[in-house]
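Structure, as structure tokens:
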Amino acid sequence: MVSPFAFHLKILEIGTIVGIEKDHIAIQEAKAGEDVAIEIRQPIDKQQYSYGRHFTEVDQLVSKITRESLNALVQHFPTICEQREIYKLLKKMKKIFGIV
């Protein structure tokens, strides 16, 4: 299995998630592997990205994090952040987004 992190990544800021639905019912969160619909709102003054043209279901989508958002996550959800998988993911995301 080849990790998508092994290659040069092109980061597209495609917008803000404003809704998630499963079986046409609004939900607050989705877990990896679940089939859900995600509504993404794109700022009008930014580049517009289209599903199928700029990204597809094989691309990995992650939330953009900052030092401030990472600190808030660790402060408010310390037990979740200490889980091995979450810790490794946050470490990878720090590297991707250049967070020291």
Those helices (runs of 4 or more DSSP H) lying entirely in the range 7-100 with at least 3 residues touching a Phe, Trp or Tyr at 6+ places or on another chain (Cβ under 8 Å) and loosely packed, with under 12 Cβ neighbours inside 10 Å: none
Count of residues meeting criterion [closer than 26 Å to A37 by Cα and among the charged types (D, E, K, R)] in the range 50-100: 6
Residue list for the range 66-100, restricted to those being among the basic types (K, R) and over 25 Å from L12 (Cβ atoms): R84
Residues being over 20 Å from Y51 (Cα atoms) and either modelled with pLDDT of 75 or more or of a type in the set (V, I, T) (or both) - total across the range 1-22: 1
Residue check, G52 touching a residue at least 12 places away in the same chain (Cβ under 8 Å) and small (G, A, S): no
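The values are calculated or read from the model by the stated rules, or taken from the named source; none is laboratory data. Everything quoted here is computed from the prediction, not taken from an experiment. Positions of Cβ are generated from backbone atoms using ideal geometry, with glycine treated the same way; all protein chains shown enter the neighbour counts.
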